[in-house]
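Asks: Input: one structure, supplied below.
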Amino acid sequence: MIGGSVGGHQALEWAIMDPDKFDKLCLVASSAVISPWAAAFNQSQRMAIEVDPTWKLSHKDAGSEGMKVARSMALLSYRNYGTYQQSQQEKTNDALYQTKAASYQAYQGLKLSRRFNAFSYWHIAKAMDSQNIGRNRGEPSEILSTIKAKTLIISIENDLIFTLNEQEFLAEYIPHAIHRMISSDYGHDGFLLETEKISRVLREFFV
């Protein structure tokens, strides 16, 4: 079983609920408990959607303007300072404003609003905030120790959402877990973009 980001939350939960079900488990850029930092990003995005005057209307595009802003916020957490330095720099020193970065943020917000529903976006962020394997169970470290699957933890360099220390926590308390760091300029989005590097680590693990 393999899960990345929020999918890692689901995979981790299933591995705990039914420890004899899976022989091998791979968690990519995920966590045992949502951090206050990640929850703050999610809440800021929901607030952007909620101030949209159309948010509580029933038509399919309700809240789409707010979701554009939410997406722009989210991108800042998916990537990082270095990513933007490489990809969104102005081509000339004579530019009055950083229009390339501004245009990129606006475009990404518009693109998502055309293919995704704001209501769904709001609830996915809310579901992410519920991640806590210790809820009604005990200490997360003790709960992780119940996992029986041979486990691989993959962290992404410069991930701002699920940081290195969260991956190390998983690796420390899941019995005999292996931890691998993937170098990436993409931050959290590296779990989607660094396919070759992740595939290489997975092949080694599954052999």
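Derivation of every value follows stated rules applied to the coordinates shown; laboratory data play no part. Only a predicted model underlies this, so the values are computations on that prediction, with no experimental measurement involved. Neighbour counts are summed over all protein chains in view; Cβ atoms, including those assigned to glycine, are modelled from backbone coordinates with ideal geometry.
Asks: Through the Karplus equation 6.51 cos²θ - 1.76 cosθ + 1.60, θ set to phi - 60°, convert the phi angles of the range 135-151 into ³J(HN,Hα) values in whole Hz; use x for Gly and Pro.
Replies: Couplings: 4, 6, 10, x, 5, x, 4, 6, 5, 4, 5, 8, 6, 9, 5, 5, 10 Hz.
Asks: So which residue, out of 114, 79, 46, gets the largest mean-square fluctuation from a GNM of the chain using Cα contacts under 10 Å as springs?
Replies: Judging by the Gaussian network model, the answer is 114.
Asks: Would you grab the residues whose amide H sits under 5 Å from the one on residue 151? Only those 5+ places off in sequence or on another chain, please, with H modelled 1.01 Å from N.
Replies: 25, 178
Asks: Now a separate question. Would the chain count as rounded, prolate or oblate if I go by the C-alpha gyration tensor, calling it rounded below 1.5 in a/c and otherwise prolate when a/b exceeds b/c, oblate otherwise?
Replies: oblate
Asks: Oh, and also: Considering only DSSP beta bridges with both partners in the chain, what is the antiparallel share in %, to the nearest 5?
Replies: Percent antiparallel among DSSP bridges in the chain is about 5.
Asks: Please list, ordered by chain and number, the residues whose modelled amide H lies under 5 Å from the amide H of residue 160; skip anything fewer than 5 residues away on the same chain.
Replies: 188
Asks: Which one, 18, 129, 189, has the greatest fluctuation when you compute a Gaussian network model over the chain with C-alpha springs under 10 angstrom?
Replies: 18
Asks: Quick one: which residues, 5 or more positions from residue 182 or on another chain, have an amide H under 5 Å from its amide H? H modelled 1.01 Å from N in the peptide plane, none for Pro or chain starts.
Replies: The list, which skips near neighbours in sequence, is 155, 156, 157.
Asks: Can you give the angle from 0 to 90° between the axis of helix 164-173 and the longest principal axis of the chain, with both taken from C-alpha atoms, to the nearest 10?
Replies: The angle comes out at about 20 degrees.
Asks: Among 91, 126, which comes first, then next, by fewest other beta-carbon atoms within 10 Å?
Replies: 91, 126
Asks: Another question about this same structure. Dividing the Cα radius of gyration by the Kirkwood radius, what Rg/Rh value follows for the range 37-129?
Replies: Looking at the range 37-129, the ratio lands at 1.04.
Asks: So, one more: Please give the calculated 222 nm ellipticity per residue for the chain, where each DSSP H segment of at least 4 residues contributes -39500 (n - 2.57) and the sum is spread over every residue; nearest 500 deg cm²/dmol?
Replies: Rounded to the nearest 500, the figure is -16000 deg cm²/dmol.
Asks: A further question follows. Treat the count of other C-beta atoms within 10 Å as a stand-in for reagent exposure and order 163, 99, 92, 54 from fewest to most.
Replies: 92, 99, 54, 163
Asks: How far is helix 64-78 tilted, in degrees, relative to the longest principal axis of the Cα atoms in the chain, given as a value from 0 to 90 rounded to the nearest 10?
Replies: Helix 64-78 sits at roughly 50 degrees to that axis.
Asks: Apply the Karplus parameterisation 6.51 cos²θ - 1.76 cosθ + 1.60, with θ equal to phi minus 60°, to every residue of the range 192-207 and state each ³J(HN,Hα) to the nearest whole Hz, in sequence, with x for glycine and proline.
Replies: My calculation for the range 192-207 gives 9, 9, 8, 5, 5, 5, 5, 4, 4, 5, 5, 4, 4, 6, 8, 5 Hz in order.
Asks: Angle, helix 99-115 long axis vs. longest principal axis of the chain, Cα atoms, 0 to 90°, nearest 10?
Replies: Relative to the chain, helix 99-115 is tipped by roughly 70 degrees.
Asks: Still on this structure: Looking only at 124, 161, 182, which one moves most when the chain is put into a Gaussian network model with springs between Cα atoms under 10 Å?
Replies: 124
Asks: Next question, about the same structure. Find how many whole Å separate the alpha carbon centroid of the range 107-127 from the alpha carbon centroid of the range 1-54.
Replies: 16 Å
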